[in-house]
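Comments concern the structure below.
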Amino acid sequence: MAKPPKSNRPFPTREEILEFIQSSPKRVGKREIARAFKLGAEGKVMLREILKDLERDGALQRGRSKRFAEPGTLPEVTVLHITGIDAEGELMARPETWDEDAAGPPPAIYMAAERKGQPALGTGDRVLARLERAGRGLYQGRTIRRLPSAPSAIMGVYREVGGEGRIESTDRRAKQDYVVPAGQSGGAKAGDLVRAAALPGKDLGLRKAKVTDVLGAMDDPKSISLIAIHEHELPSEFPAEALDQAKTAGPAPLGDRVDLRSLPLVTIDGADARDFDDAVFAEPDPDHPGGWHLVVAIADVSWYVRPGDALDRCAYDRGNSVYFPDRVVPMLPEELSNGWCSLKPKEDRPCLAAHLWIDGDGNLTRHRFERAMMRSAARLTYDQVQAARDGRTDDVTDVLTKDVIAPLYGAYAALSRNRRARGVLDLDLPERKVIINDRGTVAEIALRERFDSHRLIEEFMITANVAAAEALEKKSLPCMYRIHDQPSPTKVAGLSDALETIGLKIAKGQVMQSSIFNQILTKAKGGPFERMVQELVLRSQAQAEYSPDNIGHFGLALRRYCHFTSPIRRYSDLLVHRALIRGGRMGDGALETDHKDFAEMGQHLSFTERRAAAAERASVDRFTTQFLSDRVGATFIGRINGVTRFGLFITLSDTGADGLIPIRSLPDDYYIHDEAHHRLRGRSNGKTYVLGEAVEVRLVEARPLTGGMIFELMDGGGRSTGGNARGRFTPGARPTGGGRKKSGRSGGKDKSKKGRGKKPGKPARG
């Protein structure tokens with residue numbers, strides 16, 4: 001071993017060198033260590049020997065570029081899987097390749113906030129990240145780029161094939177089953193719904209997986225919504241602390257609250273609603289003829305859920321309630337959501353009341369918020385209220401029609417005038433309703449009816465939400481705005497190209513307003529392309545989000561807007577309640593001065609909202625597929641709602657069910673995908689399939705496990721443009737494909753940036 005260098009500074013011990021390496025946020029090499037301890041040439045020789053000894057002893061591990069770190073240290077750049085939110089609201093991740101059986105629990109990885117303008121990460125996302133050590137077993141990750149999803153958790157049905165365990169995945173994108181090796185079934189029986197983890201290895205054939213959880217039998221009626229819960233990793237169990245807190249809750253005292261119990265406030269909801277978080281009242285404004293005084297009373301959830309307590313942490317983690325056809329995954333335990341926070345008829349309930357004054361044209365002239373005690377006069381349904389308005393009263397509405405229901409419609413008329421004057425985006429796409437029978441199976445799939453009673457409540461809530469945002473702005477208090485940006489120029493250009501094919505135009509270069517889209521919708525109304533235009537306009541819109549930075553709400557044509565009216569099922573509304581209580585000095589449960597960062601919270605709540613919507617959509621798809629699975633071979637009328645290079649997406653007119661017509665099943669030809677104009681066109685037969693087109697289809701396959709359905713066109717469908725269609729494209733179209741193909745298939749991957757067909761083996765330039 002080399003002699004120690006001559007220096008006034010003592011040479012570092014093994015322990016000092018090791019401590020330096022362990023405490024470094026990044027892997028370090030010999031050069032960095034020598035610089036830290038100010039070692040000369042002779043010292044570097046000595047250092048090299050010590051590092052070799054430490055490596056031989058297992059105290060260090062050598063990585064790329066001869067850089068050292070503590071054993072088990074993660075590489076500086078690695079693939080991470082986002083796992084969820086911790087109790088403090090931090091976004092957590094784990095290494096995708098971590099073997100817990102061999103290496104124990106993974107280190108804690110906290111993800112830094114995404115760059116401005118980038119959407120927030122969500123549970124299940126995969127990213128390539130740069131890691132920085134923040135302590136032993138602790139890292140901070142920063143996203144380099146997002147990666148395609150590859151779920152570490154597999155969900156499917158356990159089968160036995162030839163004495164071997166198999167998992168049939170619930171993911172319709174999965175191309176193959178998973179093999180379950182002997183001893184890795186976790187006690188699962190054939191037909192069980194299971195969660196599994198992919199096993200490492202690159203063996204040829206089917207991938208291997210081990211069962212981690214048995215969730216129940218697939219033939220259980222509730223298994224469909226259970227798939228959605230686990231597939232989207234929805235928090236569905238409350239910790240004991242939160243449940244205990246909810247169970248010990250009780251009636252709120254009147255105290256300093258304003259007594260509104262004599263006011264005939266009523267709740268108006270769907271027939272299947274179980275929690276009632278808003279009640280309404282209207283009367284003419286005696287001081288302003290033609291004007292109205294509205295009261296929108298909202299459940300005072302902030303009284304029961306205080307900042308930082310167990311219920312608050314759970315509510316924030318969930319972000320919102322999730323509604324399935326056969327169950328609800330609530331944001332709050334049922335003792336609160338269906339109990340003390342629900343505005344049940346004839347029972348005293350605490351509320352936050354918004355007093356709103358509007359003029360005859362529906363303009364909000366002033367408002368006031370107060371903490372109050374109310375007693376709902378009646379629990380009404382949309383059907384009941386609309387029937388009463390139309391002259392068909394029942395025992396409940398008969399006594400309420402003149403003094404309660406009629407004034408509500410009077411105020412609604414004024415609010416409707418304001419809505420039309422603002423030019424609110426007038427999209428009215430039908431929504432599927434899955435009706436579950438007593439056995440838990442689907443009795444009917446129907447499209448939800450829309451009444452004026454629905455629109456009445458919507459307008460009352462919108463007005464209250466605007467007032468809440470205004471009130472917080474006036475007091476310079478934090479507000480969790482509900483923002484909706486105007487469509488991007490790229491999306492507007494794409495919409496313009498598509499509309500030109502049916503003779504509709506959007507003037508290019510103008511400032512986009514919702515009224516411009518309404519003009520297009522009006523022109524298409526009642527025509528053969530009405531549904532197509534509705535879909536195109538919807539797809540051109542930006543996604544609404546939560547943010548403390550106000551940019552207005554494009555779709556509602558409002559300069560400021562937030563969510564205030566549903567704190568039982570949305571955490572964003574609870575934040576607004578707390579801010580209003582703080583601003584009005586209305587007692588306990590106010591927003592804390594050292595509250596969490598609203599920007600970070602807005603990203604999280606936007607993610608939980610998207611997660612819930614995806615889970616609800618997936619559940620409805622599976623229930624619908626189950627309902628239609630015994631009608632394979634039947635024919636239906638539908639419309640083309642999506643055109644891709646691999647086929648046509650179809651929406652059935654009677655149920656709203658969605659499915660795919662693979663391009664291979666179209667009449668034998670080579671089909672060119674015209675992306676700009678949302679159509680497929682046969683090169684030889686001239687058949688054209690365009691977005692919004694009505695078609696007759698036959699159901700070929702229905703798989704409730706994945707929610708996927710396959711259709712085929714009756715009689716080939718499509719519009720015939722006659723003969724050879726070559727050269728008949730609208731100027732500006734970008735066809736993607738070319739060459740000859742059999743069985744209706746389009747060309748392979750288009751390698752040209754501009755989408756033009758290329759000969760095989762010729763790479764695109766640039």
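From ALA299, ALA282, grab the single residue that is under 16 Å from GLU347 (Cα atoms) and small (Gly, Ala, Ser).
None of the other options fit; the residue is ALA299.
Quick one: which of THR593, THR625, THR608 is under 21 Å from the mean Cα position of the chain (by Cα), among the β-branched types (Val, Ile, Thr) and either closer than 27 Å to HIS232 by Cα or not assigned by TED's automatic domain parsing to the domain that holds LEU91 (or both)?
Within the list THR593, THR625, THR608, the selection yields THR608.
If we keep just the residues of the stretch 95-127 that are small (Gly, Ala, Ser) and closer than 16 Å to PHE607 by Cα, which is modelled with the lowest pLDDT?
GLY117
Among residues belonging to the stretch 128-149 that are in contact with an Asp or Glu (Cβ under 8 Å, 6 or more places away or on another chain) and in a loop (DSSP other than H, G, I, E, B), point out the one that is modelled with the lowest pLDDT.
SER149
Yes/no per residue for (1) surrounded by fewer than 16 Cβ atoms within 10 Å (Cβ to Cβ); (2) assigned by TED's automatic domain parsing to the domain that holds SER342; (3) aliphatic (A, V, I, L, M):
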| residue | (1), (2), (3) |
| --- | --- |
| LYS505 | yes, no, no |
| PHE517 | no, no, no |
| ARG560 | no, yes, no |
| ILE568 | no, yes, yes |
| ARG578 | no, yes, no |
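Please go through the stretch 385-420 and give me each residue that is of a type in the set (A, V, I, L, M, F, W, C) and touching a Gly at 6+ places or on another chain (Cβ under 8 Å), ordered by number.
ALA414, LEU415
Restricted to the stretch 66-94, and to residues that are among the basic types (Lys, Arg) and not in a strand (DSSP E or B), which residue is modelled with the highest pLDDT?
ARG67
If you check ALA421, ALA387, ALA414, which single one turns out to be part of a helix (DSSP H, G or I), exposed (fewer than 15 other Cβ atoms within 10 Å of the Cβ) and over 31 Å from the mean Cα position of the chain (by Cα)?
ALA421
Are there any pairs with C-beta distances below 9 angstrom linking a residue in the stretch 81-95 that is closer than 15 Å to THR143 by Cα to a residue that is among the acidic types (Asp, Glu) and buried (at least 18 other Cβ atoms within 10 Å of the Cβ), with the two at least 6 apart or on different chains, and if so which?
Here the result reads HIS81/ASP125; ILE82/ASP125; ALA93/ASP125, each pair linking the stretch 81-95 to a residue that is among the acidic types (Asp, Glu) and buried (at least 18 other Cβ atoms within 10 Å of the Cβ).
If ASP287 meets every condition in (1) touching a residue at least 12 places away in the same chain (Cβ under 8 Å); (2) over 33 Å from the mean Cα position of the chain (by Cα) apart from one, which number is that one?
(1)
Cβ-Cβ under 8 Å, sequence separation 6+ or interchain: first residue in the stretch 418-444 and not assigned by TED's automatic domain parsing to the domain that holds TRP292, partner part of a loop (DSSP other than H, G, I, E, B) and among the β-branched types (Val, Ile, Thr). Which pairs?
none
Against the definition (outside the structural domain of PRO119 (by TED's automatic domain parsing) and either surrounded by fewer than 19 Cβ atoms within 10 Å (Cβ to Cβ) or under 30 Å from ASP658 (Cβ atoms) (or both)), how does ALA467 come out, yes or no?
Answer is no for this residue.
Can you say whether ALA468 is under 32 Å from the mean Cα position of the chain (by Cα) and among the small types (Gly, Ala, Ser), as far as the supplied structure shows?
Judged against the criteria, ALA468 is a match.
Could you tell me whether GLU600 is touching a helix residue (DSSP H, G or I) at 6+ places or on another chain (Cβ under 8 Å) and surrounded by fewer than 20 Cβ atoms within 10 Å (Cβ to Cβ)?
no
Among the residues of the stretch 496-503, are any part of a helix (DSSP H, G or I) and under 28 Å from TYR561 (Cα atoms)?
no
For PRO528, only one of the following conditions fails: (1) assigned to a loop (DSSP other than H, G, I, E, B); (2) out of contact with any strand residue (DSSP E or B) (no Cβ under 8 Å at 6 or more places or on another chain); (3) not assigned by TED's automatic domain parsing to the domain that holds GLU609. What is its number?
Unmet condition: (2).
Of these, ARG622, ARG610, which one is modelled with pLDDT under 95 and either touching a Ser or Thr at 6+ places or on another chain (Cβ under 8 Å) or β-branched (Val, Ile, Thr) (or both)?
When all the criteria are applied, what remains is ARG622.
Considering only residues that are among the aliphatic types (A, V, I, L, M) and either under 12 Å from ARG375 (Cβ atoms) or in contact with an Asp or Glu (Cβ under 6 Å, 6 or more places away or on another chain) (or both), which ones fall in the stretch 253-269?
LEU254, VAL258, LEU260, LEU263, LEU265, VAL266
Among the residues of the stretch 394-411, write down those that are part of a loop (DSSP other than H, G, I, E, B) and surrounded by 15 or more Cβ atoms within 10 Å (Cβ to Cβ).
Selection gives VAL396, THR397, LEU400.
Of the residues that sit in the stretch 217-237 and are touching a strand residue (DSSP E or B) at 6+ places or on another chain (Cβ under 6 Å) and over 14 Å from LEU705 (Cβ atoms), which one is surrounded by the fewest Cβ atoms within 10 Å (Cβ to Cβ)?
SER236
Taking the stretch 347-383, which residues are in a strand (DSSP E or B) and of a type in the set (A, V, I, L, M)?
Passing the criteria: LEU352, ALA353, ALA354, LEU356, ILE358, LEU364, ALA372, MET373, MET374, ALA378, LEU380.
Among the residues of the stretch 282-302, count how many are touching a Pro at 6+ places or on another chain (Cβ under 9 Å) and surrounded by fewer than 23 Cβ atoms within 10 Å (Cβ to Cβ).
5
Would you check which residues across the stretch 33-48 are under 17 Å from GLU19 (Cα atoms), out of contact with any Leu (no Cβ under 9 Å at 6 or more places or on another chain) and in a helix (DSSP H, G or I) and list them?
ARG35, ALA36, ARG48
The values are calculated or read from the model by the stated rules, or taken from the named source; none is laboratory data. None of these values were measured; they are calculated from a predicted model. With ideal geometry, Cβ positions are generated from the backbone for all residues, glycine too; neighbour counts draw on all protein chains shown.
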